[in-house]
Amino acid sequence: MFKLVLLALADTTVGVQAVRLAGSLAARCGAGFAVQHVSGPLSQEGGCVLHLPGEDELTARRAEVETLCRVAMPPGLTADVMLSAGFVHVEVLKTARLLGPDLLVLGGLDEAERCRRELSGSARSAALLIAASAPCPVLVAPAGVALPSGPFQRILAVTDLGDATEAVLGLAAQLAACEGASLRAFHALPRQFADSANLAQALGKAKNRLDYLGRSLPGPVQLPAPLDVAVREGDPAVEILKDARESKADLLVLALDSYGQDGLELGRVPAHVLEGARCPVLLLGAQALARLSASATAAATAARG
């Protein structure tokens, strides 16, 4: 499914699980595997970075990363190791545009993230900044969470029933078919309904829409089990995290602009989901969605021809 998986990390002391997650996924897909270690700037004055790690420190970091890969990667998998220094989102996006991976995995970025926020004054998550401009889906491995090192078992595809719905469901379905996982499609109604009849009607309409889209998945995709559909009313971020816990999902899939309408701030829901998730989160930004849509169109054209 993926041809090249790129893992970005900054802290080798907490990156073992991230390497196992990304490496095992690359091995299962028969994909190439690359690891980028980003060292953050050490000081700044007036918007200018004054101090970046020197050659000796970078050499030591390379040895640490190579050792980490040998310990945590599946047998038989090799990794291309790259080092860079600077703000993590800038360096990771540079590498992603250069290499053109099918999947970008972020893990062990806590130290670089603290440095970036202190020096740049930006409060927005580096994961969101990267996903917003990445040319491919971005898999975020949350810190302090036990990450799966084997195939995903329960995938939760989150959609606001907007333009990205088919791409989100399509990618989640491909992953579920590849991994042998169950797939659950989830939608939260962000508005409150005073009239129970109107609420029931809105819930039913949303469920029917998801059922229809589930029956219209790309032809080659064969799910190991029928698509499960769930619809709830409430704050989308709260309901997404609640459903993920209750369904014991080990992967969340959602578009970066999910629920960025109806008075909700664009990016608020994905940001809250990242903060509260107890499993990896696969984010689809605008460029990744465009790439997936183009691929789906090309596949449909080829099938008709």
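The values are calculated or read from the model by the stated rules, or taken from the named source; none is laboratory data. This structure is a prediction, so every number in the text was calculated from the model and none was measured. With ideal geometry, Cβ positions are generated from the backbone for all residues, glycine too; neighbour counts draw on all protein chains shown.
Some observations on this one:
- Residues satisfying the stated conditions in segment 8-21, i.e. in contact (Cβ under 8 Å) with a residue 60 or more places away in the chain, within 20 Å of ALA63 (Cβ to Cβ) and assigned to a helix (DSSP H, G or I): ALA18, VAL19, ARG20
- Looking across segment 117-135, the residues that are in a loop (DSSP other than H, G, I, E, B) and at pLDDT below 85 come down to GLY121, SER122, ALA123, ARG124, SER125.
- Extreme residue, farthest from ARG28 (Cα to Cα), among residues of segment 136-172 that are out of contact with any helix residue (DSSP H, G or I) (no Cβ under 8 Å at 6 or more places or on another chain) and not in a loop (DSSP other than H, G, I, E, B): VAL168
- Subset of segment 173-199 that is at pLDDT 90 or above and among the polar types (S, T, N, Q) - its residue that is nearest to the chain's Cα centre (by Cα): GLN174
- Selection within segment 86-115: residues that are in contact with a helix residue (DSSP H, G or I) (Cβ under 6 Å, 6 or more places away or on another chain) and farther than 25 Å from GLY32 by Cβ. The member of this set that is modelled with the lowest pLDDT is GLU113.
- Search result, residues across segment 59-71 that are at pLDDT below 85 and in contact with a Ser or Thr (Cβ under 7 Å, 6 or more places away or on another chain): ARG61
- Search result, residues across segment 222-261 that are small (Gly, Ala, Ser), more than 23 Å from GLY285 (Cα to Cα) and part of a loop (DSSP other than H, G, I, E, B): ALA225, GLY234
- For LEU7, the criteria (1) touching a Leu at 6+ places or on another chain (Cβ under 6 Å); (2) at pLDDT 95 or above; (3) not hydroxyl-bearing (Ser, Thr, Tyr) hold in every case but one, which is (1).
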